[in-house]
Number of protein chains: 2
Amino acid sequence: MAEPLTIYGDPGSGNCLKVKWVAAHLGLPATWRDVDVPGGGTRTPEFLALNPAGRVPIVVFPDGEVLSESNAIIVYLAEGSALVPGTPFDRARMLQWMFWEQYSHEPYIAVRRYQLHFLKRSPDALDPKLAERGADALRLMEATLARTAFMAGPTLTLADVALVAYTRMAHEGGFDLADYPAVRAWIGRVEAGLGIGPYGALA
Amino acid sequence: MAEPLTIYGDPGSGNCLKVKWVAAHLGLPATWRDVDVPGGGTRTPEFLALNPAGRVPIVVFPDGEVLSESNAIIVYLAEGSALVPGTPFDRARMLQWMFWEQYSHEPYIAVRRYQLHFLKRSPDALDPKLAERGADALRLMEATLARTAFMAGPTLTLADVALVAYTRMAHEGGFDLADYPAVRAWIGRVEAGLGIGPYGALA
């Protein structure tokens, strides 16, 4: 992979930042192209030709192949690195948390943040399930991180990359991370391990 | 893996059937334990001790380790088999569709089916997004299957296992598969490849 990848993403999207962080952490040459999602950037004919699902992030490889779904992309990029455990069961535990992130965490924590922070909706106008299930997700992370340093075990893996993306922004979705001290400490460990600054500094 | 796995699942859940099918297809000895989800079977102290996320399916291995998330489980079970492509990019394409299934297909097609078929809600009482986004998912599958025999390429992979689980039940969610002829033909190919009967026969 000496030729650069092209990452199409929205810099406000945690899903897109996952891909940017992993490429940078692994030293993969990558070009970032901004896609303005709220402005319709995933609905243009040019973008839909690259990803008919109309979602970011995508990665376009030098041979023209396109891959979508943030977690599938980062598994592909990081295969063989320390971010992916070497033993089959530890890999499975990593994937377990990555699927859980997309099904039981992102649809509540990222969606509530989007509605509050970007769409400027009033908290009273939101579906109460977003707060309830987001808190369920944070509680499960807190219990997990009370036992191990990282989500899938003792070392930093892609499970942490996937889950930190929106957890570190959760306050923008109205979740108070002061209630989750193990999660807060873990966010710092993951940011340090990935070599990214704390949220609020430039991502 | 000579000692049997224990699969905890609800036989009405496509997510649980994925695990049962893959274990059977690979000839892995497995014991099935029914969990009655609508009856609260995932909320008992015993079940929550196995999976604090309170969801089925889970697999308990002979050493006592527990794995959750249907798609993570089937990747672990099928690694090294013909259901998982051998080349890294083809594996990535498979995972792409498996993440897409959990984020952009199951939350609409399976959820609408659950509300209509099990909860017996009236179609008028449902969130219209369920029908809209479910149809979006079926359209993208139809376009994909007009070009290749299976979702991730020319051979049957776990992407097909993951996606067939609720697609073959989509009519119970009010989706008319007559509008998606390539999807219908693919369902037959996947059922034949997995050695399971058509839906409606015992799963």
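Looking at region B:5-78, I'd like the Rg to Rh ratio, where Rg is from alpha-carbon atoms and Rh is Kirkwood's inverse mean 1/r.
Rg/Rh for region B:5-78 comes to 0.93.
Using the 10 angstrom Cβ neighbour count as an exposure proxy, how do A:Arg91, B:Arg112, B:Arg121, A:Arg133 rank, fewest first?
Ranking A:Arg91, B:Arg112, B:Arg121, A:Arg133 by Cβ neighbours within 10 Å, fewest first, gives B:Arg121, A:Arg133, A:Arg91, B:Arg112.
Could you line up B:Thr87, A:Thr148, A:Thr157 from fewest to most neighbouring Cβ atoms inside 10 Å?
B:Thr87, A:Thr148, A:Thr157
For peptide B:70-83, how many partner chain Cβ atoms fall within 10 Å of a residue's Cβ, on average?
So the per-residue partner count for this stretch is 3.
Set the Förster distance to 41 Å, then compute FRET efficiency between B:Leu48 and A:Glu79 from the Cβ-Cβ distance, nearest 0.05.
The value I calculate is 0.75.
Counting Lys and Arg as +1 and Asp and Glu as -1, what is the net charge of the other residues whose Cβ lies under 15 Å from the Cβ of A:Thr42?
Counting the neighbours of A:Thr42, the net charge comes to -2.
Under 11 Å from the 7 Å Cα→Cβ point of A:Thr155, by amide nitrogen: which residues of region A:1-38?
In region A:1-38, the label zone of A:Thr155 (backbone N under 11 Å from the point 7 Å along Cα→Cβ) covers no residue.
Could you work out the local net charge near B:Tyr76, counting Lys and Arg as +1, Asp and Glu as -1, over the other residues with Cβ closer than 14 Å to its Cβ?
Surrounding charge for B:Tyr76 is -1.
Less than 29 Å apart at the alpha-carbon level, and either on another chain or at least 8 residues along: which lysines does that give for B:Lys20?
B:Lys120
Give the residue from A:Tyr103, A:Ala143, A:Gly153 lying farthest towards the positive end of the charge dipole for region A:88-194; charges sit on Cβ (+1 for Lys and Arg, -1 for Asp and Glu) and the dipole is referred to the Cα centre.
A:Gly153
Ignore the peptide's own chain and count Cβ atoms of other chains within 10 Å of each Cβ in A:135-146; give me the average, rounded.
Mean shielding count: 1.
Modelled label-to-label distance, B:Leu28 and B:Phe61, 7 Å Cα→beta-carbon offset: nm?
0.9
Let me have the relative contact order for region B:64-203, percent, based on Cα pairs under 8 Å that are six or more residues apart.
27 percent.
Per q in 0.09, 0.11, 0.15 Å⁻¹, report the Debye log10 I(q)/I(0) for the protein assembly as shown, using one uniform scatterer on each alpha carbon and no solvent.
-0.52, -0.82, -1.71
With only Lys, Arg, Asp and Glu charged, each at its Cβ (+1 for the first two, -1 for the last two), find how big the charge dipole of the protein assembly as shown is about the Cα centre; round to the nearest 20 debye.
300
Mind sorting A:Met94, B:Met141 by how few other Cβ atoms lie within 10 Å of their own Cβ, fewest first?
B:Met141, A:Met94
Just tell me how shielded A:96-107 is by partners: mean number of partner chain Cβ atoms within 10 Å of each residue's Cβ, no decimals.
6
Bins of 5 Å, beginning at zero and ending with the bin holding the largest distance: percent of Cα pairs per bin for chain A, please.
Calculated over all Cα pairs of chain A, the distribution is 1, 7, 16, 19, 20, 17, 11, 6, 2, 0, 0 percent.
Hey, got the dipole for region A:1-160? About the Cα centre, +1 on K and R Cβ, -1 on D and E Cβ, debye to the nearest 20?
440
From the P(r) of region B:88-194, could you give the percentage of C-alpha pairs in the tail past 25 Å?
Taking all Cα-Cα pairs of region B:88-194, the fraction more than 25 Å apart is 17 percent.
Bear in mind these aren't lab numbers, they're just calculated from the coordinates by the rules spelled out. None of the values given here were measured: they were computed from a predicted structure. Backbone-built Cβ (ideal geometry, glycine too); neighbour counts: all protein chains shown.
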